Structures are given as C-alpha cells and as structure tokens.
Amino acid sequence: MAADEVAVGALTDIADGDYRIFAIETVEVGVFRVGDRIIAYENTCPHAGGPVCQGKIFNRVEELLTSEKKSLGLRFSTRRNIVCPWHGYEFDIETGCHPADRTLKLKPVKVNVRDGQIFIMLVN
C-alpha cells in the first residue's frame, strides 16, 4: 500500500474544540482540534454511512452513582462526543468509540502537524 501525505491547512485555522471537513480524492476526512491535539476520522458513520464528522459536538452526559449504584443525577463531562446527523449515534472525539459499544468506532486517519501545517496521511 502506498501512502500520500496531503497538506490541508494551518493549525491556526482550527480553533480548540472546532473541526473542519476536507475532501481529498474520494475520501472525506473530519479534522478535530482538542487542545493541542489534532485528531482525524473518515467522515463515514459505521452505523449507516452517514456524514458523522458533520454532526453536532456536545459534552458527554454522565450519570453520577453512589457506591451502591444509586443515581446522584446527571452532569456534563469534560469529554466531548460527536453526534451523527443521520441517526444520532454518538462517538467520543478523542477515541472515536461509541460510548456504549467500544467495538463500534470511527475509522481514524493519520494526521501530523509540522511547522504549523496540518498533514493528512491517506493510504491507497
């Protein structure tokens, strides 16, 4: 397999917590900025092929439990999920995994930042 590295823009073009979608050849890639990290996934939901990277981003809702497993209520986490616009499937932005089924995950795309530029590595 050959790999092609494609420059898609400057790191400063994506604010912390934001994302961009890039169409490269026949693949769409969602590039997310989480603090100083850049994370990329193919823009295809594993559930039904929807444009997952174009979904809304929300802080994850977590239920607080006592040691006896009784609910103390809900809170917003600092972790963020992206929600596929087709059917509402959620995925952790940092891991690409569905919160309830860790085997259901987004396809990662290798991404590098050099000299302030973002590069996506596509495998042919």
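The values are calculated or read from the model by the stated rules, or taken from the named source; none is laboratory data. Since the model is a prediction, treat every value here as computed from it, not as a measurement. Methodologically, a virtual Cβ is constructed for each residue, glycine included, from the backbone with ideal geometry; neighbour enumeration extends over all protein chains shown.
Of all the residues in region 16-62, those that are acidic (Asp, Glu), in contact with a Ser or Thr (Cβ under 9 Å, 6 or more places away or on another chain) and modelled with pLDDT under 90 number 1. Thr44 falls short of the stated requirement of being within 20 Å of Leu106 (Cβ to Cβ), exposed (fewer than 12 other Cβ atoms within 10 Å of the Cβ) and hydroxyl-bearing (Ser, Thr, Tyr).
Checking Arg80, Arg75 one by one, the residue that is surrounded by 11 or more Cβ atoms within 10 Å (Cβ to Cβ), at pLDDT below 95 and over 28 Å from Val6 (Cβ atoms) is Arg75 and no other. All of Gly17, Gly30, Gly35, Gly9 fail the test of being closer than 14 Å to Gly116 by Cα, of a type in the set (Gly, Ala, Ser) and out of contact with any His (no Cβ under 9 Å at 6 or more places or on another chain), apart from Gly9.
Counting residues in region 65-82 that are charged (D, E, K, R) and in contact with a Leu (Cβ under 9 Å, 6 or more places away or on another chain) gives one or more.
When the residues of region 26-35 are filtered to those that are touching a strand residue (DSSP E or B) at 6+ places or on another chain (Cβ under 7 Å) and either of a type in the set (A, V, I, L, M) or surrounded by fewer than 14 Cβ atoms within 10 Å (Cβ to Cβ) (or both), the one that is farthest from Asn81 (Cα to Cα) is Val27.
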